[in-house]
Amino acid sequence: MTVRLTLAISDYDHTRDLTDGRVRPEGVELTCLSLPVEEIFFRFINYREWHASELSFAKYVSMRASGDDSITAIPVFPSRVCRHSSIYVTRGGPAHPKELAGKRIGVPEWSQTASVYTRSLLVHEWGVPLTDVEWFQAGVNQAGRTEKVRLHLPDGVRLTQVTDRTLDEMLHAGDLDAVFSAHPPRSFELGDPGIVRLFPDYRPIEEEYVRRTGIFPIMHVLALRSDVLDEHPWIAMNLLSAFEEAKRRSEERLSDITASRVPLPWLPEYASGLRGLLGGSVWPYGLEPNRTTIEAFLRFAAEQGVAARLLQAESLFAPQVLTRYRV
């Protein structure tokens, strides 16, 4: 029996062998759509236009915490990014994260995964309570962006929705002191010298954070419509195995010192160093290798009102992918 599924996922080297058909999930015929992640999230959350989808980790956690079990994840994480690099300020503005206390900070969505991680840094790394900031929500570069899930804001948190201006405009005009955003403000992308990162040399700071905390931030997860899993429960493990094989091939390419598989020098040496930093795989899938990150994120989401309640990590994933057979 072959099940035909449609999968929407952005273009990643570590998933490409699956999406182009070189790796085939047992018993599954995939039609793959490559779209911008913002479009994927919007269309899947609102309309469930395909059977399986890359999805914002925060949106998924929010939905599950509110009792929405219409989609179920498997522990495949297409995107992971440390978020010290996602804080943008005006030149001459805040120079240290503690100086963000009492300031005006913009976010594209309170429930954006990147914003959850960045706000966790503000609170747990730099000691600035959420209530010590005046928060604004607006599109980064396009006005009119709104939240996609219901929020449960903690008492005392002030969040103002702005529908007729962008975060980029507000930061540039001095109406915001900082922007926390996965996607950079357009002014920064265009090289405007007036808009800078709070941490220009962010890599050593992020590496120290990962090494010290064990948190390698998960941005996106792979989710399936639960009605599909109810009908074909074996799909979850077969898809997970195929994604793992595609990732294995990608890591093998990036570690190949015989030939340059991507146009970046010294990449095999860099990949080897990352294995030491991350304790094994450069990009681990599965619950147990990621438990520290997942449990931390669930705490952050509950603390910030992105999730209505604190979830257990096991509750996020299809039960059939949480254990493996042994010979």
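FYI, it's all coordinate maths here, none of it is from the lab. Everything numeric here is computed off the predicted structure, so don't read it as measured data. Quick reminder, even Gly has a Cβ in these numbers, built from the backbone with ideal geometry, and neighbours come from all protein chains shown.
Would you compute, from DSSP H runs of 4+ residues alone, the mean residue ellipticity of the chain at 222 nm, taking -39500 (n - 2.57) per run and dividing by the full residue count, rounded to the nearest 500? Present the calculation step by step, with values, prior to reporting the outcome.
Values: 11 runs with 108 residues, N = 327.
Rounded to the nearest 500, the figure is -9500 deg cm²/dmol.
Counting other beta carbons within 10 Å of each residue's own, what order do ASP164, ASP68 fall into, fewest first?
Numbers: ASP164 8, ASP68 12.
Ranked by crowding around the Cβ, least crowded first: ASP164, ASP68.
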Residue among VAL196, THR146, SER85 farthest towards the positive dipole end of the chain, charges placed on Cβ:
SER85
Output row, site THR160, 7 Å Cα→C-beta label point, backbone N cut-off 13 Å, window the stretch 126-140, residues 134-138
Scan around HIS220 for amide H atoms under 5 Å from its own, H built in the peptide plane at 1.01 Å from N, and keep only partners 5 or more places away or cross-chain.
PHE57, SER79
Test of understanding: in a Gaussian network model of the chain with alpha carbons linked when under 10 Å, which of PRO289, PRO185, PRO263 would top the mean-square fluctuation ranking?
PRO263
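Report the FRET efficiency, 1/(1 + (r/R0)^6), for GLU231 and VAL123, where r is their Cβ-Cβ distance and R0 is 35 Å, rounded to 0.05. It would help to have the intermediate numbers written out before the result.
Values: r = 42 Å, r/R0 = 1.21.
Given R0 = 35 Å and the Cβ-Cβ separation, E is 0.25.
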What are the extents of the Cα atoms of the chain along their three principal axes, in Å, largest first?
60, 48, 33
If r is the Cβ-Cβ distance from ARG212 to HIS96 and R0 is 30 Å, what FRET efficiency results, to the nearest 0.05?
0.95
Taking the convex hull of the alpha-carbon atoms of the stretch 66-219 and averaging its shadow over every direction gives an area in square nanometres of 10.0
What is the gain in length, in nm to one decimal, between GLU245 and GLU189 on full extension, counting 0.36 nm per residue of separation less the C-alpha to C-alpha distance?
16.7 nm
In debye to the nearest 20, the charge dipole size for the chain, taken about the Cα centre with +1 at each Lys and Arg Cβ and -1 at each Asp and Glu Cβ, equals 360
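Explain nothing, just the number: dipole magnitude of the stretch 84-213 about its Cα centre with +1 on each Lys and Arg Cβ and -1 on each Asp and Glu Cβ, in debye rounded to the nearest 20. Please list the in-between numbers first.
Working: 15 positive and 18 negative charges, 38 e Å.
Here the size comes out at about 180 debye.
Under the 0.36 nm per residue contour assumption, what length would be gained going from the current alpha-carbon distance of THR146 and GLU49 to full extension? List each step's numbers first, then the result.
Numbers: separation 97, 0.36 × 97 = 34.92 nm, distance 2.02 nm.
Stretched out fully, the THR146 to GLU49 stretch lengthens by 32.9 nm.
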Cβ-Cβ FRET estimate between TYR325 and SER34, R0 fixed at 56 Å, reported to 0.05
0.95
How long is the gain from LEU310 to ASP68 if the chain were fully straight, where each residue apart is worth 0.36 nm and the alpha carbon distance is subtracted?
85.7 nm
If you build a Gaussian network model of the chain, linking Cα atoms that sit under 10 Å apart, which residue out of PRO154, PRO268, PRO204 swings the most?
PRO204
For the stretch 193-263, just run the numbers: alpha carbon Rg, then divide by 2.2 N^0.38 Å, N being how many residues it has.
1.71
Kindly state, as a whole number, the per residue volume in cubic angstrom of the convex hull around the alpha carbon atoms of the stretch 27-75.
94
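Roughly what percent of Cα-Cα pairs across the stretch 236-327 reach past 19 Å? Could the numbers behind the result be given before it?
Details: 2393 of 4186 pairs.
Everything past 19 Å amounts to 57 percent.
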Report the percentage of all Cα-Cα pairs in the stretch 60-111 whose separation exceeds 18 Å, rounded to a whole percent.
56
Below 8 Å between Cα atoms, with a sequence gap of 6+, how large is the relative contact order for the stretch 160-249 in percent?
13
